[in-house]
Each structure stands twice: as structure tokens, then as C-alpha cells.
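Every read-out reported here was derived from the displayed coordinates using simple, explicitly stated rules and does not represent laboratory data. Please read these numbers as outputs of a predicted model, since none were measured by experiment. With ideal geometry, Cβ positions are generated from the backbone for all residues, glycine too; neighbour counts draw on all protein chains shown.
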């Protein structure tokens, strides 16, 4: 199969996942800075007369480093997030189109997804279910006499 050109196949779904992981990364980075800041403040009594000035300087350095980290990580996480969610959203999109074609009465053939994508097992189960339904439809209906005997 060819490469997908559109990377945001399900923009809402993909951006929601990316946003969630970005939020968690930001909270994690902030937590680390707060822990480091707390640890340095515990050292303040041992630093001597210049400790207050040093703490103010460190506070400013922490803020700057945190902003730089967020500014550098945001685009990186967006790109990596789109690429990773692409392997999830693509198969979902493909299976939705497949089911829509079946609902319209078309025979789209077997559901296929790309080699590196996720949900190969789900696609196989979808094919099994569609094949079972088609087999049942193709089977001749029992004659009325057979229905009465079975009842």
C-alpha cells in the first residue's frame, strides 16, 4: 500500500491524544523544577550570607529553563505525536470507510491496513465478521416444511 499523505486523518482524536501527552510532559517538567527548587531552598541556611541573592538568581534560571524546555518540546512533541497517532488513526479511518461501504450495500472486499499500523487483529476480526454475515446471506433459506419440523 502507498504512504498516507494526510497525517491528521482524525484531527480531533489525534490532537486530543497529543494534547494529553503534552500536558502530562509539561506537568512532569514543572514537578521536576519544583522539586529541584525545594531542594535548593533547603540548602539556603548552609550557603552563607549570599544565599538570598543566589536563591533569587536560581529562581529566574529555573523559570527561563522551564520556558526554554516547553518551547523546544512543544513542536517536537507535536511532530512525534502526529507520527505516532497516525498509525492508530489511519486504521480506524480505514475500518470506518470499510463499514460505511458495507452499510451502503457495497462489497469493498477485505479490510486491509498498512504493515506498520496498529489494529491488524481488529481488522482480521472485522473481515471474519463480514465473511460470516455474507455466508449466512448466501445460504439458501430453509423450506417452510423444514422450519415447521425444526420448531
Only Cα pairs within less than 10 Å get springs; with that Gaussian network setup on the chain, which residue of 48, 90, 109 has the largest fluctuation?
48
Comparing 95, 54, 77, which has the greatest mean-square fluctuation in the GNM of the chain with Cα pairs linked when under 10 Å apart?
54
Ranked by GNM mean-square fluctuation in the chain (Cα springs under 10 Å), the top entry among 50, 97, 87 is 50
Enter the angle in degrees (range 0 to 90, nearest 10) between the Cα long axis of helix 11-43 and the first principal axis of the Cα atoms of the chain, meaning the one along which they spread out most.
20 degrees
Could you please state, rounded to a whole Å, how far the C-alpha centre of region 8-66 is from the C-alpha centre of region 70-102?
29 Å
Kindly state, to the nearest 0.05, the FRET efficiency for residue 35 paired with residue 78, given R0 = 25 Å and r defined as their beta-carbon distance.
0.40
Report, in degrees rounded to the nearest 10, the 0 to 90 angle that the Cα long axis of helix 120-138 makes with the longest principal axis of the chain.
20 degrees
Mean Cα-pair separation over length for the chain, i.e. relative contact order, pairs under 8 Å, 6 or more apart, %:
27 percent
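Write down, largest first, the equivalent ellipsoid semi-axes of region 28-109 in whole Å, where each equals the square root of 5 times an eigenvalue of the alpha-carbon gyration tensor. Write out the running numbers ahead of the final one.
Numbers: eigenvalues 609, 25, 9 Å².
With the √(5λ) rule applied to region 28-109, the semi-axes are 55, 11, 7 Å.
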Working from Cα positions, state the angle (0 to 90°, nearest 10) between the long axis of helix 51-103 and the longest principal axis of the chain.
10 degrees
Dividing the Cα convex hull volume of the chain by residue count, how many Å³ per residue is that?
180 Å³
In what order do 59, 117 fall by count of nearby beta-carbon atoms within 10 Å, going from fewest to most?
59, 117
How many nm is it between the label spots at residue 63 and residue 99, if each spot is 7 Å from the Cα in line with the beta carbon?
5.1 nm
